[in-house]
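*Asks:* Just passing along the structure, written as structure tokens.
The values are calculated or read from the model by the stated rules, or taken from the named source; none is laboratory data. Only a predicted model underlies this, so the values are computations on that prediction, with no experimental measurement involved. Don't worry about glycine lacking a Cβ; one is built from the backbone with ideal geometry, like all the others, and counts go over all protein chains shown.
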Amino acid sequence: MLARVPSGWRAIVVDNGSTDGSADIARSLGATVVHEVRRGFGAACHAGLLAARAEFVCFCDCDASMDPALLAPMAERVATGGADLLLGRRRPQARGAWPAHARAGNIALARMLRRRTGLRLHDLGPMRVARREALLGLELTDRRSGYPLQMVVRAADAGWRVAETDVPYLPRAGKSKVTGTWRGTWNAVRDMRRVLAEPPVARPARTEGISA
């Protein structure tokens, strides 16, 4: 995965409880490793956001299901004003790439998101790009599985242009504790339902020219 990161980009890997030596491997391959003591998907994502220093930040799972080289054209689209928050819409390329229970949960959440925000998105995938300072301005609070949804909801409430683009989706390496089981998927949906129940946060709409 690190070998596929666009040239000249800084790769930040967040370790919030790994016991298999992943952090040491990532560090040896040139990544900046950030340690986050709190467990949870959102805790890891936000630690990476805080550690970043670039104007634009990108999120991507490191399980080989997505190609980080695709982040370059996504970042370019945000930089040129095509979107404020751009999500990668996962397009499975092989049998088993996206388990049925995970896909069903994603469809249900997309429908609930549409009712809550009016956004007609098809996927709430982990690959995404936005401006760092603008993301910090959303004041995201969820540190569990609701983090990626809260990002989209608060972006919509702030008047951001949220869009999606197709990205190939391959079978992941290893087993996910979140979408790898029905229980994990249910816990994620529960966290996200809690986010959708939050009242809108009043804040000024995003303006052009925000930089780190």
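*Asks:* Can you tell which of 36, 55 is among the acidic types (Asp, Glu) and under 19 Å from residue 131 (Cα atoms)?
*Replies:* 55
*Asks:* Here's a check for you: in segment 17-33, which residue that is in a helix (DSSP H, G or I) and of a type in the set (S, T, N, Q) is modelled with the highest pLDDT?
*Replies:* Among those residues, the one meeting the criterion is 28.
*Asks:* Specify the residue that is surrounded by the most Cβ atoms within 10 Å (Cβ to Cβ); the eligible residues are those in segment 18-45 that are farther than 20 Å from residue 191 by Cα and small (Gly, Ala, Ser).
*Replies:* Looking at the filtered set, the residue picked out is 26.
*Asks:* If a residue has to be surrounded by fewer than 17 Cβ atoms within 10 Å (Cβ to Cβ) and in contact with a Pro (Cβ under 9 Å, 6 or more places away or on another chain) to count, how many in segment 107-124 make the cut?
*Replies:* Of the residues in segment 107-124, 0 are surrounded by fewer than 17 Cβ atoms within 10 Å (Cβ to Cβ) and in contact with a Pro (Cβ under 9 Å, 6 or more places away or on another chain).
*Asks:* Give the residue that is surrounded by the fewest Cβ atoms within 10 Å (Cβ to Cβ), with candidates limited to residues of segment 87-106 that are more than 13 Å from the chain's Cα centre (by Cα), small (Gly, Ala, Ser) and closer than 24 Å to residue 44 by Cα.
*Replies:* Among residues in segment 87-106 that are more than 13 Å from the chain's Cα centre (by Cα), small (Gly, Ala, Ser) and closer than 24 Å to residue 44 by Cα, the one surrounded by the fewest Cβ atoms within 10 Å (Cβ to Cβ) is 97.
*Asks:* Could you figure out which of (1) part of a loop (DSSP other than H, G, I, E, B); (2) basic (Lys, Arg); (3) within 14 Å of residue 189 (Cβ to Cβ) isn't true of residue 95?
*Replies:* (3)
*Asks:* Here is a further query. Select, from 116, 128, 161, the only residue that is basic (Lys, Arg) and closer than 17 Å to residue 60 by Cα.
*Replies:* Testing whether each residue is basic (Lys, Arg) and closer than 17 Å to residue 60 by Cα leaves just 128.
*Asks:* So in segment 162-212, with the set limited to residues that are exposed (fewer than 13 other Cβ atoms within 10 Å of the Cβ) and closer than 19 Å to residue 92 by Cβ, which one is modelled with the highest pLDDT?
*Replies:* The extreme case among them is 166.
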